Amino acid sequence: MGAMNIGQMALGQGGLSSEPMWAERIPEIRALRPRIIRIFIQEYFDLLPAPGKYNFAKLDRSIDTILASGAEPLMCICFKPQVLFPEVNQDIVEPREYNGWEELIFALVKHYKDRGNRIRYWEVGNEPDIGEDGGCPYRFKPENYVHYYDHTTAAILRADPNARVGGPAVANSHSAIIPALLEFCAANSKPLHFLSWHIYSSDPQAIGHTIEYEKGLLAKHPSLKPETFLDEWNMDLTNPPLDARFQPCYIAEVIWQMKEGGLDYSCYYHIRDWYVSFEEFRPFMSEQGTAFMTRWWNRMPQFDGLFDYQNRVRPSYFAFKLLSRVQGGRIKTSSSGANIHALARDDPQLRMQNLVLWNFSSNEATIELNLKSLPKEVRTRHIMLDALAPSDDENARLRPEPFRKIPKGDQQLNVELGPYAIQYWSFE
């Protein structure tokens, strides 16, 4: 069925600290083989400490962490330097003069181009429709977003004509900012290389519906042919399911919905949970916004990270670990059950086939796994993701069964799938 491109179902981190938050986990993230990792370029990086003076040292540390993992940074521009935005007010969204802003963005992009870092994607804004409630210091209206987007992308492309620009990374997929941006770019022949949005929902079909909705908006502007990026997603933030088995299976089901919907890229938010510093946010966010950010991250129970606050690995990490094994050419799978899905790939380099199979349901299921036209006798390894294991050891979470042999030809296996079960099968 062509390339699986599972690495484009990738990861994100940021908006919480100037520290490289997952630097101790570079080998574990490299093992997942994400194509990109989204990062927030937030004001705490202090890129413009004084007029005409640039400081990229803090940001360099986080960029180098991403590069060390083998991924490419997706640069999300969401900062307001005090030099250009002297008043702390989320509704003041345009700099007091655009020349200084464009020179700053030009210098930022050129810095990483001259550094030799292969950074293609530059995103204008993060959740501009909700402002400080989305963790960023501005709240746009459609008309001022497109003006800001125009100036910002002009500076990016002046520094690197090969860059890819896009946005608006809205919190609400139905935000009026998206049609305004599409109409502006289509009417004025402005670049829009990718369209981005977010959703947090425990219903994978709701996530799939946002892809359908955005593609419907794009169909009204055939001159625009942007890639599609759902670059923040996870379970419902306020009432997530507490069954530890749910989230790993949810990840697999959502990514299946994304692949079926033709999404180009996604970024699971996020890699590691992190306590925020009230003092780090206070200089550029209102008292209310700073309190909200600190209260949300330091008092609310968090379930987002592949690693928790104490840097312990969560079961959700192992869902990505299994999915990373289906990089390569996609093999067709079909299911007669609404909750039973699978992704399969051919791996000519390792001379094997890989299958990830799951049951996105609170009920047990017994299925027939039919393998069509096996060209030879194969040896199969069966692994079950155990989200309830008392240990985080990989062999406990990814519990292996003994190897077995399957004859060539058409074969049928009876498989038991528990609630929210994920299984991996290799054929070699």
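Which of these values of log10 I(q)/I(0) by the Debye sum over Cα atoms at q = 0.08, 0.09, 0.11 Å⁻¹ was calculated from the structure shown: [x] -0.46, -0.58, -0.84; [y] -0.67, -0.80, -1.05; [z] -0.49, -0.63, -0.97? The value computed from this structure is option [x]. I'd like the FRET efficiency for Q82 and Q349, computed as 1/(1 + (r/R0)^6) with the beta carbon distance as r and R0 of 30 Å, rounded to 0.05. Working from the Cβ atoms, E equals 0.05.
Between the alpha-carbon centers of the stretch 156-214 and the stretch 29-65, tell me the distance in whole angstrom. Taking the Cα centre of the stretch 29-65 as reference, the centre of the stretch 156-214 is 22 Å away.
Sort the following peptides by mean Cβ neighbour count (other Cβ atoms within 10 Å, averaged over residues), highest first: 68-74, 342-348, 365-371.
On the way: 68-74: 20.6, 342-348: 17.4, 365-371: 13.4.
Ranking, from highest mean packing down: 68-74, 342-348, 365-371.
Computed from backbone phi with θ = phi - 60° and the Karplus coefficients 6.51, -1.76 and 1.60, the 3J(HN,Hα) list for the stretch 163-176 is 5, 10, 10, x, x, x, 6, 6, 6, 9, 4, 9, 4, 5 Hz; x is used for glycine and proline. Once both labels are positioned 7 Å from their Cα atoms along Cα-to-Cβ, the gap between D91 and E103 label points is 3.1 nm.
Can you tell me, using C-alpha contacts under 8 Å and at least 6 residues apart, the relative contact order of the stretch 140-261 as a whole percent? Working shown, then result.
Working: 145 pairs, mean separation 31.1, N = 122.
The normalised contact order for the stretch 140-261 reaches 26 percent.
Report relative contact order for the chain in percent, whole number only (criteria: Cα-Cα under 8 Å, sequence separation at least 6). Relative contact order for the chain comes out at 15 percent.
Residues whose amide H comes within less than 5 Å of that of R272, counting only those at least five positions distant or on another chain, are L306, F307 (H built at 1.01 Å from N in the peptide plane). Maximal additional length on extending the L242-Y54 stretch stands at 63.2 nm, based on 0.36 nm per residue less the C-alpha distance. Reducing the stretch 230-264 and the stretch 280-315 to their Cα centroids gives an inter-centroid distance of 20 Å. The phi torsions of the stretch 7-24, fed into the Karplus equation with coefficients 6.51, -1.76 and 1.60 and a -60° offset, translate into couplings of x, 7, 8, 10, 9, x, 7, x, x, 10, 6, 7, 6, x, 6, 10, 4, 6 Hz, rounded to whole numbers, with Gly and Pro shown as x.
In terms of packing, defined here as the mean over residues of other Cβ atoms within 10 angstrom, the peptides 350-357, 417-424 line up highest first as 417-424, 350-357.
A cut-off of 5 Å between modelled amide H atoms, ignoring neighbours fewer than 5 places along the same chain, links L374 with G409, D410, Q411. Measuring nothing but how far apart in sequence close Cα pairs (under 8 Å, 6+ apart) lie, relative to its length, the stretch 237-332 scores a relative contact order of 36 percent.
Taking R0 as 22 Å, what's the FRET efficiency between E24 and D308 from their Cβ-Cβ distance, rounded to 0.05? According to the calculation, E is roughly 0.95. When a 1.4 Å probe is rolled over the protein heavy atoms, the share of accessible surface on the chain that falls to carbon and sulfur comes to 48 percent. Rounded to the nearest Hz, the phi-derived 3J(HN,Hα) couplings of the stretch 415-420 under the Karplus curve 6.51 cos²θ - 1.76 cosθ + 1.60 (θ = phi - 60°) are 10, 9, 10, x, x, 6, where x marks glycine and proline.
Measuring against 20 Å, Cα to Cα, the residue pairs K259/K321; K215/K259; K332/K372; K113/K259 contain K113/K259 as the ones spanning a longer distance. Segment R120..Q288, full-extension length gain: 57.0 nm, with 0.36 nm per residue of separation and the alpha-carbon distance subtracted.
The peptide list 285-296, 161-172, 186-197, put in order of mean Cβ contacts within 10 Å with the highest first, becomes 161-172, 186-197, 285-296. Left without a cysteine partner by the 4.7 Å Cβ rule in the chain: C76, C185, C249, C267. If R0 is 35 Å, the Cβ-Cβ spacing of E401 and S334 corresponds to a FRET efficiency of close to 0.90.
Based on DSSP H segments of at least four residues, each scored -39500 (n - 2.57), the chain has a per-residue ellipticity at 222 nm of -9000 deg cm²/dmol.
Spin-label pair E183-M1: with each label point 7 Å from Cα along the Cα-Cβ axis, the two points sit 3.7 nm from one another.
The values are calculated or read from the model by the stated rules, or taken from the named source; none is laboratory data. Remember, predicted model here, so these are calculated numbers, not experimental data. FYI the Cβ positions are ideal-geometry reconstructions off the backbone, even for glycines, and counts take in every protein chain you see. What goes into the accessible areas is simple: the full protein's heavy atoms, side chains included, and nothing from ligands, DNA or RNA. Shrake-Rupley method; radii C 1.70, N 1.55, O 1.52, S 1.80 Å.
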